[in-house]
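Participant: Right, I'll just put the structure down here and ask away after.
The values are calculated or read from the model by the stated rules, or taken from the named source; none is laboratory data. Quantities reported herein were computed from a predicted structural model and do not represent experimental measurements. Note that each Cβ is placed from the backbone with ideal geometry, even for glycine, and that neighbours are counted across all protein chains shown. Note: areas computed on protein heavy atoms with side chains; ligands, DNA, RNA excluded. Shrake-Rupley method; radii C 1.70, N 1.55, O 1.52, S 1.80 Å.
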Amino acid sequence: MKASVFTTALLVLLTLISCNSEPSLQKYFVENTDNKNFIALDVSPNILNLDKAKLSAEQTEALNSFDKMNILAFKINDKNKAEFETERTKVNAILKNPKYQQLMKFGSGKEGASVSFVGTDDNIEEFVIFANKKETGFAVVRVLGKNMNPNNIITLMSVLQQSKINLDQLKPLEQLLKK
């Protein structure tokens with residue numbers, strides 16, 4: 001009897017310990033994907049519409065390190081200004097977690113943008129861009145990949161200049177930009 005009570009208590013304790021209630025951007029995206037105030041979008045590398053045969057080995061490596069982008073944007077209107085402030089505060093709180101290492105920040109706390117990353121300098125798992133403006137709303141962009149590093153990101157930026165971006169994947173963001 002004592003053994004089964006002990007085993008049950010141990011299982012409950014392990015379950016509680018393994019449940020991570022810490023907020024994360026991934027959880028935030030999942031929780032708000034169906035919220036009418038948000039626009040959620042997943043963008044794959046094929047948006048770049050590149051002729052891969054014309055890429056150098058370094059460019060191919062950079063492109064292969066990029067898996068996808070998740071975009072979550074909150075469009076502000078007259079009815080949701082309080083929710084905008086609440087949601088922006090939540091994102092800021094998530095990004096204060098030490099796992100999100102800030103690379104740079106532009107503007108003030110109320111308006112501007114920041115770029116952060118998760119991982120190490122040599123193995124970046126995710127880049128996070130957070131931009132907000134009190135007149136239009138905010139957007140959080142997660143650039144996900146494997147074995148990304150700063151050189152890959154710089155190379156990927158040069159590849160973007162050669163791309164013929166398929167704008168159809170970005171249509172849902174059009175309404176956010178219109179104000």
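Here's the yes/no breakdown for (1) closer than 19 Å to PHE38 by Cβ; (2) polar (S, T, N, Q):
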residue	(1), (2)
GLU85	yes, no
ARG88	yes, no
PRO98	no, no
SER116	no, yes
ASP121	no, no
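Participant: Output the number of residues of region 109-133 satisfying the condition of being modelled with pLDDT under 90 and among the charged types (D, E, K, R).
Facilitator: 4
Participant: Here is a further query. Got a number for residues in region 48-75 being surrounded by fewer than 18 Cβ atoms within 10 Å (Cβ to Cβ) and touching a residue at least 40 places away in the same chain (Cβ under 8 Å)?
Facilitator: So the answer is 7.
Participant: A further question follows. Tally up the residues in region 111-150 that are polar (S, T, N, Q) and surrounded by 14 or more Cβ atoms within 10 Å (Cβ to Cβ), please.
Facilitator: Looking only at that region, the number is 5.
This table checks each residue for (1) among the polar types (S, T, N, Q); (2) over 19 Å from the mean Cα position of the chain (by Cα); (3) under 24 Å from ALA131 (Cα atoms); (4) at pLDDT 85 or above.
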{"residue": "LEU25", "(1), (2), (3), (4)": "no, no, yes, yes"}
{"residue": "GLU31", "(1), (2), (3), (4)": "no, no, yes, yes"}
{"residue": "ASN37", "(1), (2), (3), (4)": "yes, no, yes, yes"}
{"residue": "SER56", "(1), (2), (3), (4)": "yes, yes, no, yes"}
{"residue": "LYS75", "(1), (2), (3), (4)": "no, no, yes, yes"}
{"residue": "VAL91", "(1), (2), (3), (4)": "no, no, yes, yes"}
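Participant: Looking only at region 78-93, how many residues end up being open to solvent by 60 Å² or more (accessible area, probe 1.4 Å) and without any contact (Cβ under 8 Å) to a residue 40 or more places away in the chain?
Facilitator: 7
Participant: Could I ask something else about it? Enumerate the strands (runs of 3 or more DSSP E) found wholly within region 92-171, keeping only those where 3 or more residues are over 29 Å from LYS81 (Cα atoms).
Facilitator: Once the strands (runs of 3 or more DSSP E) in region 92-171 are filtered for at least 3 residues that are over 29 Å from LYS81 (Cα atoms), what remains is 124-133, 137-148.
Participant: Here is a follow-up. From the list LEU63, LEU50, which one is in a loop (DSSP other than H, G, I, E, B) and farther than 20 Å from LYS133 by Cβ?
Facilitator: LEU50
Participant: Sticking with this structure for a sec: Filter region 155-179 down to the residues that are hydrophobic (A, V, I, L, M, F, W, C) and touching a helix residue (DSSP H, G or I) at 6+ places or on another chain (Cβ under 8 Å), then identify the one that is modelled with the lowest pLDDT.
Facilitator: Among them, the one singled out is LEU170.
Participant: So ASP42 passes all but one of these: (1) open to solvent by less than 40 Å² (accessible area, probe 1.4 Å); (2) without any contact (Cβ under 8 Å) to a residue 60 or more places away in the chain; (3) touching a Lys or Arg at 6+ places or on another chain (Cβ under 7 Å). Which condition number does it fail?
Facilitator: The number of the failed condition is (1).
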